[in-house]
Every structure is written in structure tokens, then in C-alpha cells.
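Trainee: Below are the C-alpha cells for one structure; questions will follow.
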Amino acid sequence: MGLLILTFFFGAAVGSFVNVLVERSIAGKDWIKGRSKCDHCGKTLAWYDMIPLLSYLFYQGKSRCCHKRLSWRHPLVELLFGTLFVWWLLVGFMFFRLAVTPLLVIQPLFWLITGVVLLIVAVADAYGGVILMPLVKIGVVSVVGYRIILWLFGQYQLVDGGLALLAGLGYAGFLAGLRYLTKGRGMGEGDPYLAFLLGVLVGWPRTLVAALLAFVVGAIVGIILIGLGKKKMGSTIPFGPFMVLGATLALWWGEAIIRFLLG
Ligand SMILES: [Zn+2]
């Protein structure tokens with residue numbers, strides 16, 4: 001239990017760091033230079049202002065210096081990263097141990113890298129409406145490399161790799177087509193590239209589930225935001241977070257969802 005809590009807060013700390021990196025790169029600021037400051041009054045923050053989740057809860061979502069409301073995005077991202085790391089540890093103990101020796105290290109490492117890459121991409125798109133292409137490239141290289149290693153150890157079939165490639169191209173092509181038809185309003189420039197990564201990652205036929213869920217959940221959230229008056233009809237919301245969510249659900253429950261849809 002102690003280990004799980006420790007892992008959770010380690011993940012949350014990574015999430016907190018990611019928040020800073022993403023916000024600074026979107027704002028075009030230096031990554032490392034400068035200490036963290038209050039978003040409202042610019043006062044330099046103390047270490048106890050920056051404890052993941054706990055500072056937010058303890059000061060009830062307000063800054064300690066000037067008592068202004070803080071964005072809920074930071075604790076949400078910290079929570080997501082903490083959960084990712086705990087999931088990784090739990091699944092690692094139950095599942096990854098079955099792998100043969102070199103995969104014992106490579107397999108959990110791959111899934112941690114994939115999880116972190118996808119979460120950062122989703123967060124950056126949600127914050128700034130940009131798909132971070134360097135991370136998408138890292139993701140593609142890591143998926144392809146991982147599959148080649150699995151194949152070398154007789155744990156992966158080439159035909160599955162071919163199908164996954166086609167799934168990625170199909171998903172990307174579909175979004176690129178939508179982008180063309182809507183003259184760039186329906187879909188961001190980077191979305192097809194993210195779609196390619198996700199398609200190659202989840203493979204065939206799970207990519208169908210991933211795309212379907214992304215569109216359904218994206219539409220529902222869009223309608224809710226318009227209903228709440230947070231968005232206007234015809235305005236866009238970043239699609240990347242929904243694509244990542246759809247792919248994650250497809251990885252976990254893809255087969256069950258396909259069986260359900262086919263009756
Ligand atoms: Zn302040």
C-alpha cells in the first residue's frame with residue numbers, strides 16, 4: 001500500500017512537471033530557467049505551494065499568496081499521471097512478469113513510455129490546441145521498435161504488424177479527409193499524425209472502436225460545453241484528448257466493445 005501511494009505521488013509529481021513544461025512551451029518560454037510563479041500575482045512559489053494535488057486540496061483550489069482561484073487543470077493532470085503510474089505498477093505485477101527475460105524489462109518500459117507520451121500529447125492539445133509532433137514521432141518509433149523486438153522473440157506476428165500499419169493509415173486518412181472536406185475547421189493539422197500513432201498502437205480491428213469512441217465522446221462533451229455556454233455552436237474543441245481516450249478504452253475493452261456492437 002505504501003508503495004502504491006509513493007508511486008501515485010511520484011506519477012503526480014511527473015504530471016506537475018509536465019504541466020509546467022507544456023505551459024512554458026506553449027507560451028514560448030524557456031523550459032528550465034526561472035522558478036515557478038503565481039499565475040495571478042507573479043509571486044515566487046514556495047515548495048509547499050507545489051506539492052502535487054495536496055497543495056490544491058489544502059488551499060481549497062486557491063493560491064496561498066493572493067487567494068485567487070487556480071485552474072483545475074493542474075490537479076486533474078496530476079491525478080491522471082498518478083493513476084497512470086499506479087496502473088502501470090499494478091499491471092506490471094500481475095501481467096508483465098509472464099514475459100520472457102529481456103521482455104521483462106522492455107515490455108513495462110514500453111507501456112510506461114507510451115502512457116506518458118500519450119498523456120502529454122493529450123494535455124498539450126487540451127491546453128494549447130497543438131499536437132506535439134516530436135512526441136508523436138517518439139511514440140511511432142517506440143511502437144514500431146517494440147513490435148520488432150516482440151517479433152524477434154516470437155511474441156508477435158508480422159501479419160498483425162501489417163494490419164496495425166493499415167489501421168494507422170486508415171485512421172489518419174479518415175481524419176485527413178475530414179480536414180480536407182471541412183477546409184481545416186473540423187480537424188487540427190496534427191490530428192492525422194496522432195491518429196496514425198494510435199492506429200498502429202491499438203491495431204486492427206480495435207482502431208475502429210478507438211475512432212468511434214473518440215467521435216462519440218467528443219460530440220457529447222461538445223454538446224455539454226455548448227449547453228453550459230462555454231463554447232459557441234461551430235467553434236472547435238481539441239480532438240487529441242478524445243482520440244487518446246478512445247484508444248485507451250479500445251486497448252482495454254476493444255474486444256468486448258466489438259462483440260457488443262456486433263450483438
Ligand atoms: Zn498570487
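Trainee: At Phe153 and Tyr59, where each label point lies 7 Å from the Cα along Cα→Cβ, what is the point-to-point distance in nanometres?
Mentor: In this crude spin-label approximation the distance works out to 4.6 nm.
Trainee: Find how much the distance from His40 to Ile113 grows on full extension, using 0.36 nm per residue of separation minus their present alpha carbon separation; answer in nm with one decimal. Working shown, then result.
Mentor: Values: separation 73, 0.36 × 73 = 26.28 nm, distance 3.36 nm.
Roughly 22.9 nm would be gained on extension.
Trainee: Round to the nearest 10 and report in Å² the accessible area of Thr44, as given by a 1.4 Å probe over the protein chains' heavy atoms.
Mentor: That residue has around 70 Å² of solvent-accessible surface.
Trainee: Sort the chain into rounded, prolate or oblate with this rule: let a ≥ b ≥ c be the square roots of the eigenvalues of the Cα gyration tensor; rounded if a/c is under 1.5, and if a/c is not under 1.5, prolate when a/b is larger than b/c, oblate otherwise. Mind dumping the intermediate values first?
Mentor: Numbers: a/c = 1.92, a/b = 1.27, b/c = 1.50.
Verdict is oblate for the chain.
Trainee: Ignoring ligands, DNA and RNA, what percent of the 1.4 Å accessible area of segment 113-263 is carbon and sulfur?
Mentor: Working: 6000 of 8270 Å².
Carbon plus sulfur share of accessible area: 73 percent.
Trainee: How much accessible surface does Ile149 have with a 1.4 Å probe, in Å² rounded to 10?
Mentor: Solvent-accessible area, nearest 10 Å²: 50 Å².
Trainee: Further question on the same structure: Report the extension gain between Arg185 and Asp160 in nm, rounded to one decimal, defined as 0.36 nm multiplied by the number of residues separating them, less their alpha carbon distance.
Mentor: Details: separation 25, 0.36 × 25 = 9.00 nm, distance 3.40 nm.
Gain on stretching Arg185 to Asp160: 5.6 nm.
Trainee: Return the FRET efficiency for the residue pair Ile223, Leu104: r is the Cβ-Cβ distance, R0 is 35 Å, and the value is rounded to the nearest 0.05. Walk me through the numbers on the way to the answer.
Mentor: Details: r = 46 Å, r/R0 = 1.30.
Approximately 0.15, to the nearest 0.05.
Trainee: Tilt of helix 73-94 relative to the longest C-alpha principal axis of the chain, in degrees (0 to 90, nearest 10)?
Mentor: Helix 73-94 and the main axis of the chain meet at about 40 degrees.
Trainee: Taking a probe of 1.4 angstrom, what is the accessible area of Asp125 in Å², to the nearest 10?
Mentor: Solvent-accessible area, nearest 10 Å²: 10 Å².
Trainee: Answer with one residue from Val244, Gly254, Met187: the one whose Cα lies farthest towards the positive end of the charge dipole of segment 113-263, charges on Cβ with Lys, Arg +1 and Asp, Glu -1.
Mentor: Farthest towards the positive end: Met187.
Trainee: Can you sort His67, His40 by solvent-accessible area, 1.4 Å probe, largest first?
Mentor: His67, His40
Trainee: Something else now. Excluding residues fewer than 8 places away in the same chain, name every one of the aspartates and glutamates whose C-alpha is closer than 14 Å to that of Lys37.
Mentor: Glu23, Asp49
Trainee: Here is a follow-up. Which trypsin sites (Lys or Arg not before Pro) from segment 113-183 combine a DSSP loop assignment with at most 10 other Cβ atoms within 10 Å? Please list the in-between numbers first.
Mentor: Values: sites: Lys137, Arg147, Arg179, Lys183; in loops: Lys183.
Sparse-neighbourhood loop trypsin sites (Lys or Arg not before Pro): Lys183.
Trainee: List the relative contact order of the chain as a percent without decimals, with contacts defined as Cα pairs under 8 Å and 6+ residues apart.
Mentor: 16 percent
Trainee: Work out the FRET efficiency for Trp204 and Thr83 from their Cβ-Cβ distance, taking R0 = 30 Å, and round it to the nearest 0.05.
Mentor: Plugging the Cβ-Cβ distance into 1/(1 + (r/R0)^6) gives 0.60.
Trainee: Quick one: net charge around Leu54, please, counting Lys, Arg +1 and Asp, Glu -1 for every other residue with C-beta under 13 Å from its C-beta. Mind showing how you got there, number by number?
Mentor: Values: positive: Arg64; negative: Asp49, Glu78.
Summing Lys and Arg as +1 and Asp and Glu as -1 gives -1.
Trainee: In whole percent, what relative contact order does segment 113-263 give with Cα contacts below 8 Å and a gap of six or more residues? Can you show the working numbers first?
Mentor: On the way: 185 pairs, mean separation 39.5, N = 151.
It rounds to 26 percent for segment 113-263.
Trainee: Now for a separate question. To the nearest 10 degrees, how steeply does helix 101-128 sit against the main Cα axis of the chain, on a 0 to 90 scale?
Mentor: Approximately 50 degrees, to the nearest ten.
Trainee: Can you give the angle from 0 to 90° between the axis of helix 191-202 and the longest principal axis of the chain, with both taken from C-alpha atoms, to the nearest 10?
Mentor: Helix 191-202 and the main axis of the chain meet at about 60 degrees.
Trainee: With a point put 7 Å past each Cα toward its Cβ, work out how far Met233 is from Ala256 in nm, to one decimal.
Mentor: About 3.8 nm separates the two model spin labels.
The values are calculated or read from the model by the stated rules, or taken from the named source; none is laboratory data. These numbers were taken from a predicted model, which means no experiment stands behind them. Cβ atoms come from the backbone with ideal geometry, glycine included; neighbour counts cover every protein chain shown. Only protein heavy atoms, including side chains, enter the accessible area calculation; ligands, DNA and RNA are left aside. Shrake-Rupley method; radii C 1.70, N 1.55, O 1.52, S 1.80 Å.
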